[in-house]
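Here the structure is laid out as structure tokens; the discussion comes afterwards.
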Amino acid sequence: MIDLSIVVPSFNEEESLGELTEWIARVMKTTPYSYEVIIVDDGSTDGSWAVVERLHEADSNILGIRFRRNYGKSAALSEGFGAARGRVVITMDADLQDSPDEIPDLMDMILNQGYDMVSGWKKVRHDPLSKTVPSKIFNGVVRKISGIKLHDFNCGLKAYRSDVVKTIEVYGEMHRYVPLLAKEAGFHKIGEKVVHHYERKFGHSKFGIERTVKGFLDLLSVTFMGKFGKRPMHLFGALGTLMFFLGFIAAAWVGFKKLWCVYHGVPAPLVTSNPYFYLALTFMIMGTQLFLAGFTAELVTRNAPDRNKYLVAKRIEAQPE
């Protein structure tokens, strides 16, 4: 096993790949670590792959993976994690906005300070307000919901122990939530390091405002899967029971009020003309549906092939006689 794997997702970044790999090589020459650079070409339509091939011919430490089409950053990271051979895995973007000069300190935090994962914090950003303001709001919400005290979940510059990236599954748009995925997998020592952020030198950003909306939807997804992925009845069943109970109480009140009026000879409107009757009926129907949804999800979960798959960190076993 080598010391370090650097995974670089890339999409239409042919101008920056050569400079980035030269920068990484200069930094690594000052360290005692062996390394590899895995460039994952995420279906680029420019000459990125030709650049990767030339770089590999010049330096065998540079490896490449090419997708047939654009699948997104999460898919690129997942493929890079699968191919990584290093004790430590560092990810960085290919646009030269992340600094390879941070590599030695990140390595030290993982190897010598005992962190499972270290996330970069672009404390000073060279981005327009249209990106920085939504990012601050997004990070604040994620920090509050997850309980992970990081300032910048979106930073592409991160470092991991090898068993972290080999354990978690990055899919969809979940690259923003790797710290949450790591925490749910049992890796709790997650640190943060202030890193330099450089202005984009070539091309333009591949992300727009729509990633903020997708980010919040993905947050709901990863939070649900982490807490209720193997026990959906705990959520749907609880909500369904609560709604059914509230609806039943409301319907009972409407019925009791009608009977009280009849018993005392007080004129009273029909139960079906009372809006609270329909509200109560709606709550009872929705509660029943939620309960059945939870029951169905529980049946699906119980029949899943990985229902009893757990993350075992270490094992002490009896020696064969």
Completion exercise
From the cross-link list LYS123/LYS183; LYS73/LYS136; LYS122/LYS158; LYS158/LYS189; LYS122/LYS149, the entries with a Cα-Cα span beyond 18 Å are LYS123/LYS183; LYS73/LYS136
Exercise for the section: Place a +1 charge on the Cβ of each Lys and Arg in segment 1-104 and a -1 charge on the Cβ of each Asp and Glu, then give the dipole magnitude about the Cα centre in debye, rounded to the nearest 20. Expected result: 460
Exercise for the section: Please name whichever of MET92, THR132, LEU55 sits farthest to the positive end of the charge dipole of segment 1-157, dipole taken about the Cα centre and charges placed at Cβ: Lys and Arg +1, Asp and Glu -1. Expected result: THR132
Handout entry: Shape metrics for segment 23-138, restricted to C-alpha atoms - Rg then Dmax, Å
Key = 15.7, 44
Practice task
Please list 10-16, 112-118 highest first by mean number of surrounding beta-carbon atoms within 10 Å per residue.
Solution key: 10-16, 112-118
Practice task
Order the peptides 132-138, 105-111 from the highest to the lowest mean number of other Cβ atoms within 10 Å of their residues.
Solution key: 105-111, 132-138
Fill in the blank from the handout: Honestly segment 97-165 on the Cα gyration tensor test (a ≥ b ≥ c root eigenvalues; a/c under 1.5 rounded, otherwise a/b vs b/c for prolate or oblate) is just oblate
Handout entry: Cα Rg over Rh - segment 1-46, Kirkwood
Key = 1.03
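Just so you know, all these numbers are worked out from the coordinates, no wet-lab data involved. Owing to the predicted nature of the structure, the values given are computational and were not obtained by experimental measurement. Reconstructed Cβ throughout: ideal geometry from the backbone, glycine too, with neighbour counts over all protein chains shown.
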